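Participant: I am attaching a structure below and will ask some questions about it afterwards.
The values are calculated or read from the model by the stated rules, or taken from the named source; none is laboratory data. Keep in mind that this is a model prediction, so the values were computed, not measured. Every residue, glycine among them, receives a Cβ derived from its backbone with ideal geometry; neighbour counts consider all protein chains shown.
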Amino acid sequence: MSITKSHSLLLVSEDPVHWQAGKAAFGVWDHLVYFCGAPQEALAILAGVSADVVLVHLGPRLPPMEAFLARIYTRYPNTIRYVCGGPERALAMGRMVAAGLAHRLAVLPQDFESMLAAVRQDLDTRSRLRTRRAWDYLRLGARLPVRPVVVASVERLLADPACGVPQIASAISEDPVIASRLLQVANTPAFARGQAVGDLEQAVSILGLDQIRELIVMVQTMEMFPVTGACQKRLDEVIAHSSSCAKLAAIIARRVLPAHARLAASAALFHDMGKLAIYASDCARYLAAQEDERCRTRRRPSSEVEEDCLGISHASLGSAILLWWNLPMTIVDAVGGHNQALTNLVGPSRVVALADRLLVEAESGAQIHTDLDSVAHLMPIDLWRREAQRLVAG
């Protein structure tokens, strides 16, 4: 994957061995790479440099690095944050990602090469995230989505090693709407796998502490965009499509990516986040654009239509919002790339894109043709087409 733009990376480690390994790995890249031996040194650099990626190594002194990540999390919302460390830090790192302090984690040394590949992928995603354009678009519409309030309290609990499922469930129960929505999500085929989920603690256990924050964001987002009339109808269609997409993504992932089935389902729930924001902030223009002759042709990708008529695609807009809300980069990448060619996608991003295309074809009665046949020799597309048709038929 080629990166045409020069990016800035900040590697922070108090471990000389890891510092040297990072320097050897990243020093040959055609980017600005800063190597810091302490958080204070990194903060001094950030006073004059806007970092695209901050990579923090968790050594013996955990609290200073946690405090540093928390500061980056607060002050630099567009910066992608990585955390890495030995196996003894795996639980702490998982909680940091679950709490939103970091976007990705890597357990060293076995994940070092995969971490480098992920950084390359995230830099590519970051270069496609037109965050400035997204910010301007939402600000002009006076509807910049506010990060859901309930997420902050759940994040604090997730960051505390002493807190578990009962405490998280108790915090969520303070908001009856969120609690009932989460129970609905937990009982869908994408997550429940055939078992009835009757209480919130069971729902949190099934959905997983590693993903509960993302799902809370999604269910509260559905309540954040009050619209009426034709816009409400379109909004309901987007939500229904996203729900079916999550179910289908889980089916696909269990076949091709079994270890990440829940993650793929969560990412699929978010994939049309940008459309929710557009219908809430710019519905009249969006509906008019869809009726515009130059935007109605079915041979053109929706992303091109939106770029021409609105100045930004729903994929770019949605992924930018989720980056600002500190969701994991796997989800940000899947949302931002779900309209790209299937042959250019891998992992959960490809699963989400497959599910979306299969449903688009089924919802149109096979009148809309996609690039599914380009990967039909690699996977059972016709089988999944029947699954999509079943979901659309209800």
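Participant: Please specify each residue of region 287-309 satisfying the condition of being assigned to a helix (DSSP H, G or I), among the charged types (D, E, K, R) and either closer than 20 Å to Asp333 by Cα or modelled with pLDDT under 60 (or both).
Facilitator: Across region 287-309, the qualifying residues are Glu293, Arg294, Arg296, Glu304, Glu306, Glu307.
Participant: Can you spot a residue in region 333-347 that is on the phi < 0 side of the Ramachandran plot and at pLDDT below 85?
Facilitator: no
Participant: For Pro77, state whether it is under 21 Å from Arg120 (Cα atoms) and either out of contact with any Gly (no Cβ under 7 Å at 6 or more places or on another chain) or exposed (fewer than 14 other Cβ atoms within 10 Å of the Cβ) (or both).
Facilitator: So Pro77 fits the description; yes.
Participant: Looking for whichever is of a type outside the set (A, V, I, L, M) and assigned to a loop (DSSP other than H, G, I, E, B) here; the options are Gly318, Gly365. Which one fits?
Facilitator: From the options Gly318, Gly365, the qualifying one is Gly365.
Participant: Scan region 368-385 residue by residue and report those that are surrounded by 13 or more Cβ atoms within 10 Å (Cβ to Cβ) and either touching a strand residue (DSSP E or B) at 6+ places or on another chain (Cβ under 7 Å) or assigned to a helix (DSSP H, G or I) (or both).
Facilitator: Selection gives Leu372, Val375, Ile381, Trp384, Arg385.
Participant: Looking only at residues that are modelled with pLDDT of 80 or more and of a type in the set (S, T, N, Q) in region 185-202, which one is farthest from Pro258 (Cα to Cα)?
Facilitator: Across region 185-202, the extreme among qualifying residues is Gln202.
Participant: Related question: Name the helices (runs of 4 or more DSSP H) wholly inside region 8-86 in which the number of residues that are at pLDDT below 90 is 3 or more.
Facilitator: 16-26, 62-75
Participant: Let me ask something additional. Does region 186-210 hold any residues that are surrounded by 17 or more Cβ atoms within 10 Å (Cβ to Cβ) and in contact (Cβ under 8 Å) with a residue 60 or more places away in the chain, and which are they?
Facilitator: Ala190, Phe191, Leu209
Participant: Regarding region 205-225, can at least one residue be identified that is at pLDDT below 80, more than 16 Å from the chain's Cα centre (by Cα) and closer than 18 Å to Ala315 by Cβ?
Facilitator: Scanning region 205-225, I find at least one residue that is at pLDDT below 80, more than 16 Å from the chain's Cα centre (by Cα) and closer than 18 Å to Ala315 by Cβ, so the answer is yes.
Participant: A follow-up question, please. Which members of region 228-271 meet the condition of being more than 23 Å from Pro380 (Cα to Cα) and touching a residue at least 60 places away in the same chain (Cβ under 8 Å)?
Facilitator: Within region 228-271, just Phe270 meets the criteria.
Participant: Here is a check on your reading of the model: is Ile312 of a type in the set (Val, Ile, Thr), surrounded by fewer than 18 Cβ atoms within 10 Å (Cβ to Cβ) and in a loop (DSSP other than H, G, I, E, B)?
Facilitator: Spelling it out, it is not the case that Ile312 is of a type in the set (Val, Ile, Thr), surrounded by fewer than 18 Cβ atoms within 10 Å (Cβ to Cβ) and in a loop (DSSP other than H, G, I, E, B).
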